[in-house]
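The values are calculated or read from the model by the stated rules, or taken from the named source; none is laboratory data. The shown structure was predicted, so the numbers you read here are calculated from the model rather than taken from an experiment. Cβ: placed from backbone, ideal geometry, glycine included. Neighbour counts: every protein chain shown.
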Amino acid sequence: MNPSHPLLLVTHEVLNQAPLLQNTNLYLRNAALQEGLAREGAGAGHDWMAARGAELGSEQMLEWAAQANRNPPAPKLFDVAGNRRDEVEFHPAYHELMSYLKRHGASAGPWSDPVPGAHVKRAAFYMMYAEVEDGTLCPTTMTYAVVPAISRDKPLAAEWLPRIYSLDYDRRFIPAAQKKGVTLGMGMTEKQGGSDVRANTTRAEPVGGREYRIVGHKWFFSAPMCDAFLILAQAPGGLSCFFLPRWTPDGKLNDIRIQRLKDKMGDKSNAGSEVEFWGARAWLVGEEGRGVPTILEMGTYCRLDCALGTSGLIRASLSQAMHHASYRSAFGKRLIDQPLMRNVLADLAIESEAATALSLRLARAFDAQKDEAESLLRRVLTPAAKYWICKRGPAVAAEAMEVLGGNGYVEEGVMARVYRQMPLNSIWEGSGNIMCLDILRAFAKHPRCLEVLTAEIEPAIGRDVRLDRFVSRLKDEMRKPDHIEARARAITQGIALAVQGALLVRFAPDYVADAFCASRLSEDTAFGGGAFGALPGNTDFGALLARAWPDA
Ligand SMILES: Cc1cc2nc3c(=O)[nH]c(=O)nc-3n(C[C@H](O)[C@H](O)[C@H](O)COP(=O)(O)OP(=O)(O)OC[C@H]3O[C@@H](n4cnc5c(N)ncnc54)[C@H](O)[C@@H]3O)c2cc1C
């Protein structure tokens with residue numbers, strides 16, 4: 001049959017499919033993000049965020065994100081003559097994205113320009129970027145997180161901070177001294193132990209001054225093309241933290257051997273590797289035997305970013321679901337007009353709003369570095385937020401994927417990538433149980449943590465009886481001394497929910513707070529508390545959907 005025959009064309013008329021979600025402003029469509037930015041002290045960044053929101057929602061940015069994930073990094077371990085290179089090659093789109101992140105201060109902005117609200121502004125930007133791409137956030141986070149530890153070492157700080165602060169991204173594999181901008185990574189996890197880093201067997205032999213030779217391995221070593229790393233190794237005085245550059249000061253490739261790249265379930269654009277150190281040159285950071293607290297400081301900032309990144313992914317899931325449901329019809333009505341689908345979408349919207357509010361509140365505690373109460377709050381809220389937001393992420397992605405029906409499960413779309421990315425933030429930099437045990441440690445070590453947590457929730461008390469009762473139950477749970485370790489998840493989840501509830505009751509529209517309290521805090525969850533979409537029938541679905549998605 002002639003290819004232009006009208007009967008053939010009929011079969012190619014595409015009906016009832018949503019257009020691609022692109023060329024939207026990720027910031028101006030997100031009321032919760034805008035309000036949170038202003039509330040937590042970075043309102044001056046509104047116009048800047050609006051400009052970034054337009055860029056990040058653009059077709060170009062989405063295409064780079066897709067390309068960087070469709071074309072994962074490849075190892076180039078040797079050159080043509082058989083000399084070791086231990087290099088990883090990336091698709092050009094990856095470099096475009098890294099360059100964008102660095103240019104806009106995602107890896108060091110709050111340190112190089114510590115204006116009030118700098119961490120909150122970065123957090124909002126980070127969350128918005130995470131809606132688009134996530135693998136590039138790994139080296140970005142580690143570069144941001146390394147600054148406090150490096151700042152305390154004067155020679156290291158003098159040499160490296162200017163290049164960490166630089167807005168230039170330099171993709172070249174050359175000694176850092178020849179580059180304007182650098183990125184940094186971290187290496188703790190070994191084959192025999194990740195959570196329990198005391199099991200590390202990698203050795204550090206002193207060779208004079210603060211210099212050591214490192215012999216051993218790391219089992220997960222993300223972003224091996226970073227210019228330097230903080231790693232843990234056993235020195236004569238115990239487990240210690242070392243600064244390990246990719247090239248040595250004399251311009252030679254350091255003895256860091258890439259064994260292979262990890263074949264990961266998601267996070268495809270980012271190179272995860274296994275490495276061996278064959279007498280690599282490294283320099284002690286802090287004191288011998290004090291490696292864990294030194295590197296854990298870096299870990300705290302990474303944990304913040306895990307919560308931020310997953311909040312962004314939750315918002316991305318919600319956006320995809322809202323967009324699809326706004327266009328797709330079934331049984332004679334758009335999905336977004338079907339009562340049961342409205343319930344599912346509204347429930348996802350509440351989750352996104354709660355994650356956004358908690359993330360930005362936590363980021364404010366990082367801005368108030370010198371405030372003792374905020375520091376204690378940061379100590380508790382960081383593991384609580386990482387735990388709970390990252391636990392919710394995979395469930396949100398699965399539900400949003402289902403809103404898209406079969407299209408959601410297809411690799412060409414965005415949801416498959418989002419879904420595969422989701423569990424990572426829950427695992428790395430302290431898995432769920434480790435976060436919960438960390439909370440117990442915080443309360444045991446700093447009894448005032450309970451006081452500052454109570455003070456954070458207190459202004460919301462008396463406004464919604466379901467929140468009041470939930471907080472009272474949580475306090476009872478925390479007071480009980482028995483089986484505390486076995487109950488640590490319940491306590492951690494309770495803390496996160498109580499703070500989310502308090503924030504929404506105080507600052508979100510009544511219909512958001514009401515639906516949150518009804519579905520997440522009420523004792524009367526006989527028909528809820530499981531899958532999304534079990535909000536009470538009298539919920540103000542229309543208002544919730546309109547707030548979450550202006551086109552709804
Ligand atoms: C994609 C990716 C990138 C990574 N990048 C890096 C990197 O760049 N640098 C780096 O150092 N690491 C990295 N990691 C490693 C990551 O941080 C570890 O996998 C993680 O900390 C868990 O350690 P593990 O794998 O050894 O598991 P384990 O420590 O064996 O833990 C297994 C499970 O047991 C639980 N558990 C452990 N102890 C207890 C306890 N006392 N009570 C109850 N439960 C417990 C944990 O919560 C976890 O669920 C990366 C991991 C991934 C997946």
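A Cβ distance below 9 Å, combined with a sequence gap of six or more or placement on separate chains, defines the contacts here; from region 505-521, residues that are in contact (Cβ under 8 Å) with a residue 60 or more places away in the chain reach residues that are of a type in the set (V, I, T) and buried (at least 22 other Cβ atoms within 10 Å of the Cβ) in the pairs V512/I350; A515/I350; F516/I350; F516/V505; S519/I350; R520/I350.
Would you call K370 assigned to a loop (DSSP other than H, G, I, E, B), among the basic types (K, R) and out of contact with any Ser or Thr (no Cβ under 7 Å at 6 or more places or on another chain)? For K370, the condition - assigned to a loop (DSSP other than H, G, I, E, B), among the basic types (K, R) and out of contact with any Ser or Thr (no Cβ under 7 Å at 6 or more places or on another chain) - is met. Kindly provide the set of residues from region 409-434 that are away from the ligand (no atom under 16 Å from the Cβ), touching a residue at least 60 places away in the same chain (Cβ under 8 Å) and either assigned to a helix (DSSP H, G or I) or among the basic types (K, R) (or both), ordered by number. Of everything in region 409-434, just one residue is away from the ligand (no atom under 16 Å from the Cβ), touching a residue at least 60 places away in the same chain (Cβ under 8 Å) and either assigned to a helix (DSSP H, G or I) or among the basic types (K, R) (or both), namely M415.
Per-residue answers, yes or no, for (1) among the charged types (D, E, K, R); (2) under 14 Å from L467 (Cα atoms); (3) loosely packed, with under 15 Cβ neighbours inside 10 Å:
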site	(1), (2), (3)
A488	no, no, no
I491	no, no, no
L503	no, yes, no
P509	no, no, no
V512	no, yes, no
F532	no, no, no
A543	no, no, no
R547	yes, no, no
D551	yes, no, yes
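Scanning region 313-363 for residues that are polar (S, T, N, Q) and not in a helix (DSSP H, G or I) gives S329, Q338. There is no residue in region 229-243 that is in contact with a Cys (Cβ under 6 Å, 6 or more places away or on another chain) and either more than 10 Å from the ligand (Cβ to nearest atom) or not in a strand (DSSP E or B) (or both). The set of residues in region 269-284 that are in contact with a Gly (Cβ under 8 Å, 6 or more places away or on another chain) and part of a strand (DSSP E or B) comprises V275, E276, F277. May I ask you to list the residues in region 435-450 that are without any contact (Cβ under 8 Å) to a residue 12 or more places away in the chain and outside any loop (DSSP other than H, G, I, E, B)? R441, A444, K445, listed by residue number. For the residues R479, R489, the requirement of being in contact with a helix residue (DSSP H, G or I) (Cβ under 8 Å, 6 or more places away or on another chain) and among the basic types (K, R) singles out R489. Here A490, A518, A486 are screened, and the one residue that is over 25 Å from the mean Cα position of the chain (by Cα), within 16 Å of the ligand (Cβ to nearest atom) and of a type in the set (G, A, S) is A486. Looking at the structure I just gave you, is W48 in a helix (DSSP H, G or I), among the aromatic types (F, W, Y) and surrounded by fewer than 21 Cβ atoms within 10 Å (Cβ to Cβ)? Here the answer is yes, as W48 does meet what is asked.
The single residue among M98, M142 that is within 27 Å of W219 (Cα to Cα), aliphatic (A, V, I, L, M), in contact with a strand residue (DSSP E or B) (Cβ under 7 Å, 6 or more places away or on another chain) and not in a loop (DSSP other than H, G, I, E, B) turns out to be M142.
Matching residues to (1) over 23 Å from the mean Cα position of the chain (by Cα); (2) surrounded by fewer than 21 Cβ atoms within 10 Å (Cβ to Cβ); (3) aromatic (F, W, Y):
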residue: R303; (1), (2), (3): no, no, no
residue: G312; (1), (2), (3): no, no, no
residue: Q320; (1), (2), (3): no, no, no
residue: H323; (1), (2), (3): yes, no, no
residue: R334; (1), (2), (3): yes, yes, no
residue: L340; (1), (2), (3): yes, yes, no
residue: E372; (1), (2), (3): yes, yes, no
residue: A398; (1), (2), (3): no, yes, no
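Of all residues in region 190-212, how many are touching a helix residue (DSSP H, G or I) at 6+ places or on another chain (Cβ under 9 Å) and closer than 20 Å to I150 by Cα? The number of residues fulfilling the criteria is 1. Checking each residue in region 177-215 for being within 16 Å of the ligand (Cβ to nearest atom), among the small types (G, A, S) and in a loop (DSSP other than H, G, I, E, B) picks out G194, S195. Among the conditions (1) within 24 Å of D196 (Cα to Cα); (2) surrounded by 24 or more Cβ atoms within 10 Å (Cβ to Cβ), N270 misses just one, which is (1).
Close Cβ contacts (under 7 Å, 6 or more residues apart or on different chains) running from residues in region 252-269 that are aliphatic (A, V, I, L, M) to residues that are surrounded by 15 or more Cβ atoms within 10 Å (Cβ to Cβ) and modelled with pLDDT under 95 are absent. Looking only at residues in region 435-454 that are within 16 Å of the ligand (Cβ to nearest atom) and within 24 Å of the chain's Cα centre (by Cα), which one is surrounded by the fewest Cβ atoms within 10 Å (Cβ to Cβ)? Of everything passing the filter in region 435-454, R441 is surrounded by the fewest Cβ atoms within 10 Å (Cβ to Cβ).
Table: residues versus (1) out of contact with any Asp or Glu (no Cβ under 7 Å at 6 or more places or on another chain); (2) surrounded by fewer than 23 Cβ atoms within 10 Å (Cβ to Cβ); (3) modelled with pLDDT under 95.
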{"position": "D337", "(1), (2), (3)": "yes, yes, no"}
{"position": "T356", "(1), (2), (3)": "yes, no, no"}
{"position": "L360", "(1), (2), (3)": "no, no, no"}
{"position": "K391", "(1), (2), (3)": "yes, yes, no"}
{"position": "R420", "(1), (2), (3)": "yes, yes, no"}
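Does at least one position in region 152-169 carry a residue that is within 16 Å of the ligand (Cβ to nearest atom) and not in a helix (DSSP H, G or I)? The answer is no, given that none of the residues of region 152-169 is within 16 Å of the ligand (Cβ to nearest atom) and not in a helix (DSSP H, G or I).
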